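Enquirer: The structure that follows is given in the form of structure tokens.
The values are calculated or read from the model by the stated rules, or taken from the named source; none is laboratory data. Keep in mind it's a predicted model, so treat the numbers as computed, not measured. No Cβ is skipped: glycine too gets one built from the backbone with ideal geometry, and neighbour counts run over all protein chains shown.
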Amino acid sequence: MFKGKIWLHQIVIFGVLAVLVFWSVINRSFIFNLGLLWWLLGALIGFLFVFLDRFFYSVISNPNETLSLRLKELFGQRNYLEGVKLLLAERYDQKELVMRSFMFVVVWIVLAFFTMTSVVNFFARGLMLGIGTHLIFDLIYDFTHDKERLDKWFWQIKRTLEPEEKFWFVVIVSVIYLLIAFNL
């Protein structure tokens with residue numbers, strides 16, 4: 001019915017936002033104002049921001065690879081849609097993505113905690129929620145569907161993790177995400 005992981009991304013972000021808005025209605029903390037729109041916009045931009053990781057990996061981190069040269073050619077011709085399609089099609093060749101890594105998830109947790117406790121700006125709170133939603137979705141998807149991609153989340157660790165360690169990392173990070181998401 002749905003084609004590819006891109007459809008799942010859309011379902012996840014809109015589903016999470018719908019659940020969180022519904023939760024605020026149930027808690028009677030829902031207020032329809034400009035702040036809600038800024039929060040939604042921040043969440044969408046944050047979710048899309050994680051896709052830029054593939055662009056930075058291809059163009060900036062590895063400028064001499066074939067994919068990077070092809071992207072520069074497409075973007076130079078202002079053929080942005082084909083460039084984005086190429087980036088998404090070649091995602092399995094990108095091994096050391098900064099945002100899709102153990103360390104970045106830990107940094108996101110710290111930043112999200114500080115955002116949750118100290119920032120009142122709706123856009124910033126939504127941005128952190130969107131980044132986290134994308135990261136956790138990709139992490140859980142890789143854990144359940146693509147064990148080889150899951151191993152790439154730990155490229156910064158200089159040893160091979162046991163399956164049980166990966167399992168507990170996914171569980172703990174998912175629980176922390178849920179606690180943070182319901183407070184952002």
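Enquirer: I want to confirm something. Restricting to the range 97-141 and keeping residues that are under 10 Å from the mean Cα position of the chain (by Cα) and small (Gly, Ala, Ser), which single residue is nearest to Gln156 (Cα to Cα)?
Expert: Here the answer is Gly132.
Enquirer: Is it the case, given these coordinates, that Val170 is on the phi < 0 side of the Ramachandran plot and touching a residue at least 12 places away in the same chain (Cβ under 8 Å)?
Expert: yes
Every residue, every condition in (1) in contact with a strand residue (DSSP E or B) (Cβ under 9 Å, 6 or more places away or on another chain); (2) within 18 Å of Asn183 (Cβ to Cβ); (3) without any contact (Cβ under 8 Å) to a residue 12 or more places away in the chain, yes or no:
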{"site": "Ile11", "(1), (2), (3)": "no, no, yes"}
{"site": "Gly15", "(1), (2), (3)": "no, no, yes"}
{"site": "Leu20", "(1), (2), (3)": "no, yes, no"}
{"site": "Phe32", "(1), (2), (3)": "no, no, yes"}
{"site": "Leu40", "(1), (2), (3)": "no, yes, no"}
{"site": "Leu48", "(1), (2), (3)": "no, no, no"}
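Enquirer: Just need a number here: residues in the range 15-53 that are closer than 21 Å to Met99 by Cβ and part of a helix (DSSP H, G or I).
Expert: Summing the residues that are closer than 21 Å to Met99 by Cβ and part of a helix (DSSP H, G or I) in the range 15-53 gives 13.
Enquirer: Within the range 29-41, identify whether any single residue is in the same structural domain as Leu111 (by TED's automatic domain parsing), among the polar types (S, T, N, Q) and either touching a helix residue (DSSP H, G or I) at 6+ places or on another chain (Cβ under 6 Å) or within 30 Å of Leu86 (Cα to Cα) (or both), and answer yes or no.
Expert: no
Enquirer: Looking at Trp155, Trp108, Trp168, which one is hydrophobic (A, V, I, L, M, F, W, C) and either outside the structural domain of Trp23 (by TED's automatic domain parsing) or buried (at least 17 other Cβ atoms within 10 Å of the Cβ) (or both)?
Expert: Of the residues listed, the single one that is hydrophobic (A, V, I, L, M, F, W, C) and either outside the structural domain of Trp23 (by TED's automatic domain parsing) or buried (at least 17 other Cβ atoms within 10 Å of the Cβ) (or both) is Trp108.
Enquirer: Still on this structure: If you go through the range 122-144 one residue at a time, do you hit one that is more than 19 Å from Ile60 (Cβ to Cβ), basic (Lys, Arg) and surrounded by fewer than 19 Cβ atoms within 10 Å (Cβ to Cβ)?
Expert: No, every residue in the range 122-144 fails to be more than 19 Å from Ile60 (Cβ to Cβ), basic (Lys, Arg) and surrounded by fewer than 19 Cβ atoms within 10 Å (Cβ to Cβ).
Enquirer: Checking Ala89 against (1) under 17 Å from the mean Cα position of the chain (by Cα); (2) within 18 Å of Val50 (Cα to Cα): exactly one of these is not met. Which one?
Expert: Ala89 satisfies all of (1) under 17 Å from the mean Cα position of the chain (by Cα); (2) within 18 Å of Val50 (Cα to Cα) except (1).
Enquirer: Is there any pair linking a residue in the range 71-83 that is more than 16 Å from Phe51 (Cβ to Cβ) and modelled with pLDDT of 80 or more to one that is of a type in the set (S, T, N, Q) and not in a helix (DSSP H, G or I), with Cβ under 8 Å and at least six apart or on different chains, and which?
Expert: No pair meets every condition.
Enquirer: Still on this structure, I have one more. Scan the range 138-184 residue by residue and report those that are of a type in the set (Ser, Thr, Tyr) and either under 21 Å from Val50 (Cα atoms) or in contact with a His (Cβ under 9 Å, 6 or more places away or on another chain) (or both).
Expert: If the condition is that a residue be of a type in the set (Ser, Thr, Tyr) and either under 21 Å from Val50 (Cα atoms) or in contact with a His (Cβ under 9 Å, 6 or more places away or on another chain) (or both), then Tyr141, Thr144, Ser174, Tyr177 are the ones that fit.
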